[in-house]
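The values are calculated or read from the model by the stated rules, or taken from the named source; none is laboratory data. Computed from a predicted structure; not experimentally measured. Cβ sites come from the backbone with ideal geometry, for glycine too, and all protein chains shown count toward neighbours. The protein model used for the area step is the full one, side chains on, heavy atoms only, and it has no ligands, DNA or RNA in it. Shrake-Rupley method; radii C 1.70, N 1.55, O 1.52, S 1.80 Å.
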Amino acid sequence: MTQPPSASDAHPYLRAASAGVLHHTRALAQPDTVPPPPVDRLHLDVLHAHLTALHRLLDRLVETTRPPHPAAGRRLSTAYTRLWQAATEIHSAFHLLPGNAAAEGAEASACHPERLPEGPPVLTICQRHLAAGHVIRRKTTPADLRAHTTACVR
């Protein structure tokens, strides 16, 4: 049975993830090359996965910081809510981009929680977003989320 990594072991992975995001940002901003193509759905799916992973990390940090340091915990809780709002906007943008040729039109690429989406990456981003939405709704008030709501509400 494997043991979960200790907190000190996790920092190099967090730094590596940050370095990966910075590398990708620099690659998109290369002035000497041809301009990068506009963002596609797969790109937003990966970005959404990154944001929801950060969201889970912030959730853990809030839980461990709030009892001994309430003011810092409140600030982290605010960041937790705002990160959710950013993930919601990425999810919405994903559905505004054109889908694959088999699913033409805005209606076909929209999020329909009552039925399965057309497949990857739509299936993964919507499932991930619904799961993250379930968690945040248990931990925040409707007033905290008033400005931003998700398109995937059951």
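A few remarks follow.
- Answer from Pro38, Pro31, Pro12, Pro70 - the residue that is free of Cβ contacts under 8 Å to residues at least 24 places away in the same chain and closer than 24 Å to Arg128 by Cβ: Pro38
- Residue match in the range 95-110 (condition: at pLDDT 90 or above, open to solvent by 40 Å² or more (accessible area, probe 1.4 Å), hydrophobic (A, V, I, L, M, F, W, C) and within 14 Å of the chain's Cα centre (by Cα)): no
- Checking the stated criteria, Ala131 turns out to be modelled with pLDDT of 85 or more and within 16 Å of the chain's Cα centre (by Cα).
- Filtering the range 22-41 to residues that are part of a helix (DSSP H, G or I) and open to solvent by 100 Å² or more (accessible area, probe 1.4 Å) leaves His23, Arg26.
- Test: Leu76 is of a type outside the set (Val, Ile, Thr), within 19 Å of Cys126 (Cβ to Cβ) and at pLDDT 90 or above: no
- Of all the listed residues (Leu76, Leu83, Leu14), the sole one being touching a His at 6+ places or on another chain (Cβ under 7 Å), surrounded by 11 or more Cβ atoms within 10 Å (Cβ to Cβ) and in a helix (DSSP H, G or I) is Leu83.
- Flag for Leu44 being surrounded by 18 or more Cβ atoms within 10 Å (Cβ to Cβ) and of a type in the set (A, V, I, L, M, F, W, C): yes
- Taken residue by residue, the range 50-68 has at least one member that is more than 20 Å from the chain's Cα centre (by Cα) and either open to solvent by less than 40 Å² (accessible area, probe 1.4 Å) or at pLDDT below 90 (or both).
- Pair list, Cβ < 8 Å and 6+ apart or interchain, from the range 130-154 residues that are basic (Lys, Arg) and surrounded by fewer than 13 Cβ atoms within 10 Å (Cβ to Cβ) to residues that are assigned to a helix (DSSP H, G or I) and modelled with pLDDT of 80 or more: Arg154/Leu130
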